[in-house]
């Protein structure tokens, strides 16, 4: 696998944006976010900024890599290259804007704006966290992987059982936070053994696992 060139990544971004416009107008995403009290325009803005933010990883610190770093096939954006040169043979720990910070912020907004109790949220997040931890696994040179539908299905079922009337926002919060904690944070000790150049909390790909978990969980709830 060869690294993607900047122009190729721009083409992927344009195609993803076009696909985003299609799915929003078809109504699938609109139906999903209408359950959360968002208009079509608000849903599009949230998805748009998540798409843009998915390409941005904010470096936090570095950890010593116990295996050789897997540089071949790794796309390193320009704004991170200088940081990586200083890091040497250490893995850079970063947080993804679109895959972590935006879903986290939106989860806080839902908790504040919806009549959910702290107990309901903590119970839902804890259960999805445990499930995500059990089913997550390290992928050499990449990060943490997990079967795509495990977390959304779990979050939706758990949310319905806890509070059927507010299952949509509870499913989003439980799915988002559960995957973030269970798949990413609780596997932190494995990062030094993966050989990844950058280990991004929330993932570095377009619409990564955490973001999609929240969307699918709401759709299923």
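The values are calculated or read from the model by the stated rules, or taken from the named source; none is laboratory data. Since the model is a prediction, treat every value here as computed from it, not as a measurement. Glycine also receives a Cβ, built like all others from the backbone with ideal geometry; neighbour counts cover every protein chain displayed.
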- Check 61, 49 and return the single one that is out of contact with any helix residue (DSSP H, G or I) (no Cβ under 9 Å at 6 or more places or on another chain) and at pLDDT 75 or above. 61
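Among the candidates 151, 199, which residue alone is surrounded by 17 or more Cβ atoms within 10 Å (Cβ to Cβ), outside any helix (DSSP H, G or I) and at pLDDT 75 or above? Break it down into steps so the answer makes sense when it comes.
Numbers: 151 fails: outside any helix (DSSP H, G or I).
Selected residue: 199, the only one of 151, 199 that is surrounded by 17 or more Cβ atoms within 10 Å (Cβ to Cβ), outside any helix (DSSP H, G or I) and at pLDDT 75 or above.
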- Can you pull out the residues in region 153-165 that are in contact with a helix residue (DSSP H, G or I) (Cβ under 8 Å, 6 or more places away or on another chain) and within 23 Å of residue 112 (Cβ to Cβ)? 155, 156, 158, 159, 160, 162, 163
- Message: assigned to a helix (DSSP H, G or I), at pLDDT 90 or above and crowded, with 18+ Cβ neighbours inside 10 Å: is that true of residue 119 in this structure?
- Response: no
